[in-house]
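Okay, structure first, notes after.
Taken together, the values in this text are just the output of simple stated rules run on the coordinates, not laboratory data. All values reported here derive from a predicted model rather than from experimental measurement. Positions of Cβ are backbone-derived with ideal geometry, glycine not excepted, and every protein chain shown enters the neighbour counts.
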Amino acid sequence: MSVSRIPARVSTRATLAGGIALSSVVLLSGTAFAHVSVQPQGEAAKGGYATVNIKVPNERDNASTVKLEVNFPLDHPLASVMPQPVPGWKAEVTKSKLDKPLELHGKKINEAVSKVTWTADGSGIAPGFFQTFPLSLGQLPEDVDQLVLKSIQTYSNKEVVRWIEEQKEGAEEPQNPAPVLKLSAASDDHHGGGATAPSATATASAGEKAGHDGKAGDHEEKTAAASSSSSSSDTTARILGVIGILVGVAGVAFGVLAGRRRSA
């Protein structure tokens, strides 16, 4: 009586396919959240002011993040950098003298913030967690499209990770990319989105127009609904992609097991 066996080549290919699928799941779950990054609250417009969050994830499973240093470019200096208090952390602002004085609101400024350092008073950022560090920035430069905020992350086991590599056009993302703050087009009032409330005149004008024909309110509701729908669809697509990979891995494993049972 002949016994059918799965060729070693087929078994090897199935195992390799399963490994690749599992690796894809790990990459999908890790790359989007692993880096230190900067995220504006609202708009970061050229020539205006903005509030941003420095987002710091803990990438290690055996140490806590106990220190963060964020550096600001002095070739495009910021006269004002103010950290918001974060419980459990001490913030220190360092200023450096400028080679060329900065003029702001009719005044010459000879120094600008070059670095902000947060040091943990307690346990820091534990494995599996992240922390945000809010900053108020201004006045944002008008002659660049982005600010590169090179950062240094220190762990409780003395390991230091330098997030200082700049992304080059057309190249793959570097291993330790520096956080980048994208700047939007300059606004009319030169205040970043979220930095100040809309003026009373603008609010009254919008209210009067909405009261006239109701079109302003309808347009805003439709825009918000479309934005929400787009975000929801993007999230759903990512989830379905990961589920599809997991189903594929399960299918490969089931096929290998079934083949082995038949050969036995």
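In terms of packing, defined here as the mean over residues of other Cβ atoms within 10 angstrom, the peptides 99-110, 55-66, 75-86 line up highest first as 55-66, 75-86, 99-110.
Can you give the net charge of the other residues whose Cβ lies under 13 Å from the Cβ of SER80, counting K and R as +1 and D and E as -1? For residues surrounding SER80, the net value is +1.
Greater than 21 Å separation of Cα atoms is the criterion. Which listed pairs, LYS55/LYS100; LYS95/LYS168; LYS67/LYS115; LYS67/LYS95; LYS95/LYS158, meet it? Going by Cα-Cα distance, LYS55/LYS100; LYS95/LYS168; LYS95/LYS158 fall outside the 21 Å limit. Proximity of backbone amide H atoms, modeled 1.01 Å from N, is registered between TRP89 and ASP121 at under 5 Å, excluding neighbours fewer than 5 places apart on the same chain. Round to the nearest 0.05 the FRET efficiency obtained for VAL160 and SER187 when R0 = 30 Å and r is the Cβ-Cβ distance. The computed FRET efficiency comes out at 0.20.
Full extension of the chain between GLN175 and LYS100 yields a length gain of 23.6 nm, computed as 0.36 nm times the residue separation minus the alpha carbon distance. A simple count of charges around LYS158, restricted to other residues whose Cβ falls under 13 Å of its Cβ and scoring Lys, Arg +1 and Asp, Glu -1, yields +1. Taking amide H positions as modeled 1.01 Å from N, with prolines and chain starts lacking one, the residues under 5 Å from GLY47 and 5 or more places away or on another chain are LEU140, GLU142.
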